[in-house]
Amino acid sequence: MKLLRYLSLALISIWLPAQAVQAEESPIAIAIHGGAGTIERSKLAPEQERAYRQKLTEAVNAGYRVLEDGGESLDAVSAAIRILEDSPLFNAGVGAVYTYEGRHELDASIMEGKSRQAGAVAGVTRVRNPIDLARMVMEDSPHVMLAGTGAEAFAQSRDMDMVDNSLFDTERRRKQLEDAKKKIEAETRRQSSEQAAVEALPVAFRMGTVGAVALDKAGNLAAGTSTGGMTAKRYGRIGDSPVIGAGTFADNASCAVSATGHGEYFIRFNVAADICARVQYQGKSVAEAADAVINDVLRPVGGTGGVIVLDAAGNIALTFNTPGMYRASRSSGSPLSVGIFDKE
Ligand code: ASP
């Protein structure tokens with residue numbers, strides 16, 4: 001009898017710490033961004049600031065709820081991004097910037113870290129939530145990236161609702177297009193180079209791309225990014241957002257990244273994959289790796305922007321070399337945090 005009691009006590013004391021360890025070993029986390037750029041406190045009216053903070057909070061909480069309920073990181077990423085795509089505040093979905101011709105061409109990608117499956121769409125004009133189509137490409141096609149009318153034909157073949165391109169219209173972005181065209185024309189005359197004129201456009205003309213990274217209870221990472229790209233873009237220009245390794249990357253062995261910034265630089269410097277390579281092969285923390293790429297690699301060559309990064313232990317880095325980045329995060333180890341400017 002005594003022996004039995006001793007054995008059951010011993011079993012309880014083994015079982016309890018094991019449970020505690022398991023709880024500690026299953027962190028969940030999510031981080032989101034809504035673009036990086038010259039966001040200054042003095043230029044953002046208090047009611048605008050409130051609107052941004054509210055929308056970021058709503059999106060990060062929606063993703064966090066999925067994780068809390070035991071859902072997959074891919075679903076958390078999609079849930080958060082859909083909310084940001086549906087908001088006119090951000091340059092993705094409704095509120096996307098205009099092309100030179102006055103339309104909207106949307107890019108998005110998604111990746112999961114367990115088996116490194118990925119899906120992406122570029123230059124789509126009639127899909128309400130491009131992040132959902134990117135996921136469909138990943139899960140329901142043999143390909144990684146589909147573009148333009150082909151991507152839309154694929155969407156229709158999978159019974160996705162098609163919308164009119166005018167659904168994404170906003171007055172604010174239309175005005176931005178007019179400003180951008182004037183600036184490009186004046187700069188082209190001055191520099192005799194359209195390429196230099198487009199490069200010289202201030203960051204504000206592409207601000208507002210959205211993205212999310214998440215870690216679920218099963219220990220799987222995922223990342224996603226969605227954008228309208230760059231104001232006044234022409235000739236089918238595609239940025240980094242739908243390019244796996246540049247704007248989006250996820251690998252359970254290292255980290256998950258979603259980027260925002262001057263896409264051409266993020267493609268050339270393979271930003272998202274470079275950050276995760278530093279985590280994996282150099283043993284850097286996500287904060288060290290993100291800081292090295294954003295500040296030591298991109299800044300000296302003039303590449304502006306930022307990243308959100310998450311590893312399988314739930315460590316989060318929100319790093320940017322611009323005056324601000326719309327961002328929010330929440331994890332089992334840290335409460336909700338929302339930031340816009342350099343100092344929150
Ligand atoms: N990276 C996006 C692009 O170049 C824009 C942005 O994130 O601001 O299309």
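For the stretch 146-153, the criterion of being part of a strand (DSSP E or B), surrounded by fewer than 20 Cβ atoms within 10 Å (Cβ to Cβ) and touching a strand residue (DSSP E or B) at 6+ places or on another chain (Cβ under 6 Å) is met by at least one residue. In the stretch 217-241, what residues are open to solvent by 10 Å² or more (accessible area, probe 1.4 Å) and away from the ligand (no atom under 16 Å from the Cβ)? Scanning the stretch 217-241 gives Lys217, Ala218, Gly219, Asn220. Exactly one residue among Ala277, Ala256, Ala273, Ala250 is away from the ligand (no atom under 16 Å from the Cβ), aliphatic (A, V, I, L, M) and open to solvent by 10 Å² or more (accessible area, probe 1.4 Å), and that residue is Ala277.
Figure legend. Inter-residue proximity from the stretch 165-184: first residues among the aromatic types (Phe, Trp, Tyr), second residues open to solvent by less than 20 Å² (accessible area, probe 1.4 Å), beta-carbon distance below 6 Å, spacing 6+ or different chains. Indicated pairs: Phe168/Ala96; Phe168/His104. Within the stretch 298-314, identify whether any single residue is under 28 Å from Lys217 (Cβ atoms), open to solvent by 10 Å² or more (accessible area, probe 1.4 Å), outside any loop (DSSP other than H, G, I, E, B) and of a type in the set (Val, Ile, Thr), and answer yes or no. Within the stretch 298-314, not a single residue is under 28 Å from Lys217 (Cβ atoms), open to solvent by 10 Å² or more (accessible area, probe 1.4 Å), outside any loop (DSSP other than H, G, I, E, B) and of a type in the set (Val, Ile, Thr).
Please specify each residue of the stretch 84-117 satisfying the condition of being of a type in the set (A, V, I, L, M) and surrounded by 24 or more Cβ atoms within 10 Å (Cβ to Cβ). Hits for the stretch 84-117 are Leu84, Ala92, Ala96, Val97, Leu106, Ala108, Ile110, Met111. Out of curiosity, is Ala196 more than 16 Å from the ligand (Cβ to nearest atom) and at pLDDT below 95? For Ala196, the condition - more than 16 Å from the ligand (Cβ to nearest atom) and at pLDDT below 95 - is met. Can Arg206 be described as over 30 Å from Ala62 (Cβ atoms), touching a Gly at 6+ places or on another chain (Cβ under 7 Å), basic (Lys, Arg) and within 16 Å of the ligand (Cβ to nearest atom)? No; evaluated as a whole, the condition is false for this residue.
Cβ-Cβ contacts under 6 Å between residues 6 or more apart (or on different chains), taken from a first residue in the stretch 233-256 that is closer than 13 Å to Asp274 by Cβ and among the small types (Gly, Ala, Ser) to a second residue that is outside any loop (DSSP other than H, G, I, E, B) and more than 14 Å from the ligand (Cβ to nearest atom), are listed as Gly245/Ala273; Ser254/Cys276; Ser254/Val279; Ser254/Gln280.
In this structure, does Arg126 turn out to be charged (D, E, K, R) and within 16 Å of the ligand (Cβ to nearest atom)? Answer is no for this residue. For Ala289, state whether it is farther than 21 Å from Ile131 by Cα, open to solvent by 20 Å² or more (accessible area, probe 1.4 Å) and either more than 16 Å from the ligand (Cβ to nearest atom) or among the charged types (D, E, K, R) (or both). In short, no. Among residues that are open to solvent by 40 Å² or more (accessible area, probe 1.4 Å), under 30 Å from Tyr100 (Cα atoms) and under 13 Å from the mean Cα position of the chain (by Cα), Ile244 is included. Scanning the stretch 317-333 for residues that are of a type in the set (Gly, Ala, Ser) and touching a residue at least 60 places away in the same chain (Cβ under 8 Å) turns up Gly324, Ala328, Ser329, Ser331, Ser332, Gly333.
The values are calculated or read from the model by the stated rules, or taken from the named source; none is laboratory data. Treat the numbers as computed from the prediction; the structure is a model and nothing was measured. Here the Cβ is made from the backbone with ideal geometry for all residues, glycine too, and neighbour counts use every protein chain on show. Side chains included, ligands, DNA and RNA excluded: accessible areas come from the protein's heavy atoms. Shrake-Rupley method; radii C 1.70, N 1.55, O 1.52, S 1.80 Å.
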